[in-house]
Amino acid sequence: MRPTFRVRVGVPLSAVHRGIAFEERSRRILQTYLSMSIRRVGGASDGGIDLQGWWWLPPPATVSDPSASVGVLYTDAGEPRRRIRVIAQCKAESKKMGPNYVREMEGVLHTLNATAAHLLAEREEGLVGTEPIPTVALLISQSNFTRSTLLRAMSSPLPFLLMYLPPLTLGAQQSEGEESEEEVEDQIGTAMWNAALGGESGVLRGEGELRWERKIGDVGRPGLWWAGKKLKNWVPPETKLDEELDDSLQAA
């Protein structure tokens, strides 16, 4: 089991520890609510990537996509889940996230996509209909996004998911105890994706939706729906796919 970094609400942290805590908070939310098996990779040589992993979603029902059959696993209920590579940049800053972060992630995506295509050609030369597994970029911010950032990300030809996670505050707690702190940490202020990800011609082929879900006494959060139905959260146990992901990103 990988070690986790938890923060006590209201306890001041250094800039470094605040960044690590936000990355861990982001990782846990993605894995708990959006079916992503994620690991932290942040460091001096992270290339701008703080998190990486797989997004486990149903294969597209209406479009033939050769990459959708690669690495398919099955839930306990026998439902197939395809894998989509995800990389994320997390920013626990007080100022709004600017469009330069979108441009930076676009550069990382271009490099990863070119490397993945090259490696696939070397490994599976002569195979017809094979395609590299798509990669989605996540920008996760503790502050809101500027208007120019939203315009840049929403118009990008590359798949983006933007998430705003509000800062943790004592006043947001409903009750005392560890459970209430987890509820505070799980808050998602905003989540949106562009057409290159969620559109009919995008990675999700128009079958995925982000819908706002709310319970009594809860501020609510976006939930993932698929083909008009609530998608049950699921991630597989750690497998050799983790090593494969590491190899592909290191090659880039």
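The values are calculated or read from the model by the stated rules, or taken from the named source; none is laboratory data. Predicted model, so just to flag it, every value in this text is computed and none were measured. Heads up, the Cβs are rebuilt from the backbone with ideal geometry, glycines too, and the neighbour counts pull from every protein chain shown. SASA here: full protein model, heavy atoms, side chains in, ligands and nucleic acids out. Shrake-Rupley method; radii C 1.70, N 1.55, O 1.52, S 1.80 Å.
Is it true that some residue in the stretch 14-31 is open to solvent by less than 20 Å² (accessible area, probe 1.4 Å), at pLDDT 85 or above, assigned to a strand (DSSP E or B) and touching a helix residue (DSSP H, G or I) at 6+ places or on another chain (Cβ under 9 Å)? Within the stretch 14-31, none of the residues are open to solvent by less than 20 Å² (accessible area, probe 1.4 Å), at pLDDT 85 or above, assigned to a strand (DSSP E or B) and touching a helix residue (DSSP H, G or I) at 6+ places or on another chain (Cβ under 9 Å). Restricted to the stretch 33-56, and to residues there that are open to solvent by 10 Å² or more (accessible area, probe 1.4 Å), more than 9 Å from the chain's Cα centre (by Cα) and hydrophobic (A, V, I, L, M, F, W, C), the residue that is modelled with the lowest pLDDT is A44. Considering E179, E185, the condition of being at pLDDT below 95 and either in contact with a strand residue (DSSP E or B) (Cβ under 8 Å, 6 or more places away or on another chain) or surrounded by fewer than 14 Cβ atoms within 10 Å (Cβ to Cβ) (or both) is satisfied by E179 alone.
Across the stretch 214-252, the qualifying residues are those that are of a type in the set (D, E, K, R) and modelled with pLDDT of 90 or more, and the one among them that is surrounded by the fewest Cβ atoms within 10 Å (Cβ to Cβ) is K229. Number of residues in the stretch 58-73 that are touching a strand residue (DSSP E or B) at 6+ places or on another chain (Cβ under 6 Å) and either modelled with pLDDT of 95 or more or at negative phi (or both) equals 5.
If the condition is being closer than 22 Å to G48 by Cα, loosely packed, with under 13 Cβ neighbours inside 10 Å and at pLDDT below 95, then the stretch 74-106 contributes S94, K95.
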